[in-house]
Amino acid sequence: METRELICIQCPMGCPLTVTIDGDDIRVTGNTCPRGAVYGKKEVTDPTRTVTSTVCVQGGEIPRVSVKTSADIPKGRIREVMAAIRALRVNAPVRIGQVLLPDVAGTGVDIIATKTVGEKNV
Ligand code: SF4
């Protein structure tokens, strides 16, 4: 039997969770709501995260656009995804929701803009 102590990151309350793993039997205590139990189980079996960052915009009214992954990615792939985001350059204009990088690092998840950036006036 293994026990892991976690902090739930599903809301600002940050409940301290204790996850007990006994083969296929996974129990979560310390959660204030059901979301904490779901998070605790997932964190010890298949941890994932949404990644947020910014990307350089060439010819934009501002130099960078905020972006995020279109879905959660495996936690172990965050470095590869961040490297791909850092290497990415896009041209203005950029529309909110636009896919800037499909299938980032072969994860099957896209990088999408979370802001609109117009072209720089010259
Ligand atoms: S268990 Fe529920 S209340 Fe506690 S941090 Fe997680 S989501 Fe928030």
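Laboratory data are not the source of any read-out in this text; all were calculated from the coordinates shown. This structure is a prediction, so every number in the text was calculated from the model and none was measured. Ideal geometry is used to build each Cβ from the backbone, glycine not excepted, and the neighbour counts take in all protein chains shown.
So, in nm, how far is label Ser53 from label Ala84 when the simple model puts each one 7 Å beyond its Cα toward the Cβ?
Roughly 1.0 nm, to one decimal.
Could you work out [θ]222 nm for the chain from helices alone, using -39500 (n - 2.57) per DSSP H run of at least four and dividing by all its residues? Round to the nearest 500 deg cm²/dmol.
-5500 deg cm²/dmol
Would you kindly state how much longer the chain becomes between Arg64 and Met13 on full extension, computed as 0.36 nm times their sequence separation minus their alpha carbon distance, in nm to one decimal?
This chain segment gains 15.2 nm when fully extended.
Run the Debye formula on the Cα coordinates of the stretch 52-113, all scatterers equal and no solvent, and tell me log10 I(q)/I(0) at q = 0.15, 0.22 1/Å.
-0.39, -0.81
Quick one: of Lys41/Lys75; Lys42/Lys115; Lys41/Lys68, which pairs are farther than 22 Å apart, Cα to Cα?
Lys42/Lys115; Lys41/Lys68
Which whole-number percent gives the relative contact order of the chain, counting Cα pairs below 8 Å spaced six or more residues apart?
Reported as a whole number, the value is 19 percent.
From the residues Val19, Ala87, Gly106, which one has its Cα farthest along the dipole of the chain in the positive direction, the dipole being from +1 and -1 charges on Cβ of Lys/Arg and Asp/Glu about the Cα centre?
Ala87
How far is helix 34-45 tilted off the main Cα axis of the chain, in degrees rounded to 10, range 0 to 90?
That works out to roughly 90 degrees.
Quick one: helix 78-87 against the long Cα principal axis of the chain, what's the angle to the nearest 10°, folded into 0 to 90?
10
Return, ordered by residue number, the residues of the stretch 92-116 whose backbone nitrogen is under 13 Å from a label point located 7 Å along Cα→Cβ of Arg35.
none
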